[in-house]
Structure formats: structure tokens, C-alpha cells
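The values are calculated or read from the model by the stated rules, or taken from the named source; none is laboratory data. Being a predicted model, the structure only gives us computed values, none of them experimental. Methodologically, a virtual Cβ is constructed for each residue, glycine included, from the backbone with ideal geometry; neighbour enumeration extends over all protein chains shown. All accessible areas refer to the heavy atoms of the entire protein, side chains included, with ligands and DNA or RNA removed. Shrake-Rupley method; radii C 1.70, N 1.55, O 1.52, S 1.80 Å.
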Amino acid sequence: MDTRRFRTLRALRGPHGPLSRIAMAGLAGLAVAALTGRAALAREVAGLFRRDRWVTGSHRLNWYLRHNAIGRVAGLQAPLFDPVTGMPPTAVDALQDWLAKGHDPRHRLARLNVLAHRIATAPDTATQAAAIAAFEDIATALVHDMPVADPKAAAAPAGPAPAFGLSEARAALIALRQIAMPWYVISGTFLGAVREGTFLAHDYDIDIGIHAEDFGDAAFRAQIAATKDLVLVNTSPHRDLALQPDGLWRDTPRPALYRLLHASGIGIDVFVHHRDGDLRWHGSAKHRWDNHDFALADYTIADLPVRGPADADRYLTENYGDWRTPVTRFNCSTGTPNVRFPFNPAALVEHLRIALRPHPAREAQIARLILWQEGHLHQRGAEGTRLAVVPQGAGRRRRIGIALRPPTPVGRR
């Protein structure tokens, strides 16, 4: 597998000396000022490099380049990156002002990122309602001619996945022993341990879980930074807005998904597992998977000792249904009976961005399928397709077994 990404991330994660931080802050600030003409955006990016947050600063810089006229002329694809995450209010205002001058689809999608932030942080119901209405107006113009999702196209064979070798997978799993928190294998990695005794032949990453009561964000980041063969790629906190007594849609972000990269190039998804009554759930900004709460037991995978859910049959049945039958065509949004999709406007923007892409067609159809079946998209005769930010039943809790189910199953792994 390609190891260049690991080396690049390690270099960006630092730590970097004071002179390097000051030099990069100056260069990045000048670049953003030239690309956007907004001093507040230039200061924000310069501050990221000065505080040694080079990964976020590089993502911001890349995002501005791809949304500038230079990026559009060069045909650079807009990245799946929310530019508003972690931005101070003055920078959000400057970004909104800069994006208001563009009217092509990528600028409209970017304005939706800003409006998603406005919805989640609105101080009162009137402000939130206005942000929702503005979001729906822009999004409806983007999806006006979008047809109903085609389940057959969503179930089409995926392109070849960058499957990893056994030696690399073992090395990555051994490297995880440096995490001083009790972790266990889950999802496809656990399925491989139980059914095959080794990693699934068609798998391309490693999935592990940590109970929320055993997890600490700062400690986890410090432990990963102290290793030589693991690096943090990004995080995806879980957000699920619910209607509050004061009429506002609100939530509290919760740690959910930490994406790591091993020196071999293998990706590792670390999911924080939260207790909710008799459930134990994990997820991301876009997903939540529910399982009945579980104890842990000892297993082996590729002759390495690991921990995993003690009642393997119940856990795997909740995740995959008929888990004993190997299936190589899999998508985590359509192949898991225990999935649900949180009400998160920022995640809605990401689904829309994928749904509007012409390629790859299968991923676009899956995103459209989610939007239609979750109640965000509606057809209104001559008015065409319209988008609703708040789907019918938003915030209502769904139990295990109620999930997105396309008429033609995409498959399970």
C-alpha cells in the first residue's frame, strides 16, 4: 500500500519549531489573502500554522485554492471537507461574504456549510428558522432536477478496493497495542476474526472500538502522537440535533470516530462506543450504529490475541444479518441493518455533495438513496425535487432493526 500519505501526515503533525511555524504562517496567510481577498480568513489560517495545527491549516489552504477561480479553471475537484469546523465567528462571516460572490454549484454547496453552522449555533428560533429557509432555497436549486434514486445503480459493483496484505494488517494491529486504553475489534475486523480466523480478504481497513467510559480525547491524541508508526488523520464527532423545549434544534457533539493511518498505509477506524440505556452505539457525523450492550471476550485474528463482543452471533447478526455468508460488495450505509442517520445539517451537505457528483455513479446513487429514504428529498410535481432540512420524524429515536433498506440489497461483508 502507498506509504507516502503516512509520511506526509507525520510531517504535517509535527511538532514544528518556532521559526518554521512563523514562516509557514506568513506564507499561508499571504496565499489565502491572495486567493480570497479576506483579511479575516488569512489571519485565521496563519493562526493555525502559528499554533502548529498544520493539518487543518493545509486543508483550509487547499479548500480555498479549489474554490478560487484558479481551482475552477484547472478543474480541481472540491474536497469533502467542512471548512467551517473550528472557525471563529469573524472568519465564518468573512467566508460567507466571500462565497456570496460565486454562483456555481461548488460555491452553493460551500454556502450550505456555512448555513449548517448557522443552524447548529443559532441563538434563537427566528435566526435558526431563517438559516433553515436559506439552506433549503439553495439546496432545492441544486437538486431541482435530481431523479429518485435508482437502487439497482446503488447496488452496482464497486471498483476494486485497495485491499491490504496480511503482514501489513498484523503490523497495524500490533501497533495498536501502544494505545493505553482497552480496545477491541469490531465490524468487519471482528467478522473476519469470528468467521475466517483472519482478516477478510477483501477488507481495506481495521475497525476497533473503545468504550466511552474508558476513552479520553486528549489522552488518546497524546498517545497516538507519541508513537512512530501511527498518525491521526482526522476525527468525525457525532452530532444529532433534537428539538428542545425552547423550540431550538440543538445537540452536544460527542467523540465518535478517529481515523488513524499506520506506517504501512493501512487505515484504522477507532470508534468510541457510547452507552444508551440497553444499547451500545458508535458512529460518526453521518451514521449511528446501534447494538445491544455487550461484554467482551478473548479472540484471535491471524494468530494475534484480541478482544471482541462476547456474544458474537448477536453482535454480528445486528450488524450484518446473515453474517455467515461471505459477501464482498459492501457499503456501510446500506449493508448494515442497525444503521440510522442522525439529523446533522453538516452531514446533509456532505451527502448532497456526493449525490451531485457524476462519478463514481454508485456512490452518488447511495447518497441519493439516503436523502430520499430519510425524507430530505421530495418531488412536488411541476416544482421538481425539493429539499427539507428537517425530515419528518427528525430527532425520533429508532431501535435496532429499523434502518435504511434499499429494495435491492447492496450486500454485507
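Numbers for the structure displayed
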read-out	value
Looking only at the stretch 359-387, and only at residues there that are in contact with a Leu (Cβ under 8 Å, 6 or more places away or on another chain) and in a loop (DSSP other than H, G, I, E, B), the one that is modelled with the lowest pLDDT	GLU374
VAL233 part of a strand (DSSP E or B), buried (at least 18 other Cβ atoms within 10 Å of the Cβ) and in contact with a strand residue (DSSP E or B) (Cβ under 6 Å, 6 or more places away or on another chain)	no
Residue list for the stretch 36-78, restricted to those being touching a residue at least 40 places away in the same chain (Cβ under 8 Å) and open to solvent by less than 50 Å² (accessible area, probe 1.4 Å)	THR36, ARG38, ALA40, LEU41, GLU44, TRP54, VAL55, SER58, HIS67, ALA78
Long-range neighbours under 6 Å by Cβ, at least six apart or interchain, first residue touching a residue at least 60 places away in the same chain (Cβ under 8 Å) and acidic (Asp, Glu) within the stretch 167-188, second open to solvent by 10 Å² or more (accessible area, probe 1.4 Å) and assigned to a loop (DSSP other than H, G, I, E, B)	GLU168/SER264
Verdict on PHE164 being in contact (Cβ under 8 Å) with a residue 12 or more places away in the chain and either open to solvent by 30 Å² or more (accessible area, probe 1.4 Å) or closer than 19 Å to GLY265 by Cα (or both)	yes
Every residue from the stretch 79-105 that is part of a helix (DSSP H, G or I), open to solvent by 50 Å² or more (accessible area, probe 1.4 Å) and in contact (Cβ under 8 Å) with a residue 40 or more places away in the chain	THR90, ASP93, ASP97, PRO105
ALA153, sole failed condition from (1) modelled with pLDDT of 95 or more; (2) open to solvent by less than 50 Å² (accessible area, probe 1.4 Å)	(1)
The stretch 236-254, subset open to solvent by less than 40 Å² (accessible area, probe 1.4 Å) and not in a loop (DSSP other than H, G, I, E, B), residue modelled with the lowest pLDDT	ALA242
Count of residues meeting criterion [out of contact with any Phe, Trp or Tyr (no Cβ under 8 Å at 6 or more places or on another chain) and in a loop (DSSP other than H, G, I, E, B)] in the stretch 285-308	4
Members of the stretch 6-20 found to be in a helix (DSSP H, G or I) and either under 12 Å from VAL55 (Cβ atoms) or open to solvent by less than 60 Å² (accessible area, probe 1.4 Å) (or both), listed by number	PHE6, THR8, LEU9, ARG10, ALA11, LEU12, ARG13, SER20
Members of the stretch 106-135 found to be under 12 Å from VAL390 (Cα atoms) and open to solvent by 50 Å² or more (accessible area, probe 1.4 Å), listed by number	ALA129
Residue selected from the stretch 201-228 under the condition assigned to a loop (DSSP other than H, G, I, E, B) and within 23 Å of the chain's Cα centre (by Cα), by the criterion surrounded by the most Cβ atoms within 10 Å (Cβ to Cβ)	ASP203
Verdict on THR8 being under 25 Å from the mean Cα position of the chain (by Cα) and β-branched (Val, Ile, Thr)	yes
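Residues checked against (1) at positive phi; (2) open to solvent by 10 Å² or more (accessible area, probe 1.4 Å):
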{"position": "ALA256", "(1), (2)": "no, no"}
{"position": "ASP269", "(1), (2)": "no, yes"}
{"position": "GLY277", "(1), (2)": "yes, yes"}
{"position": "LEU296", "(1), (2)": "no, yes"}
{"position": "LEU316", "(1), (2)": "no, no"}
{"position": "TYR320", "(1), (2)": "no, no"}
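Quick grid of which residues meet (1) in a helix (DSSP H, G or I); (2) out of contact with any helix residue (DSSP H, G or I) (no Cβ under 6 Å at 6 or more places or on another chain); (3) at pLDDT 95 or above; (4) under 24 Å from ALA263 (Cα atoms):
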position	(1), (2), (3), (4)
MET24	yes, no, yes, no
LEU27	yes, yes, yes, no
ALA42	yes, no, yes, no
ARG72	yes, yes, no, no
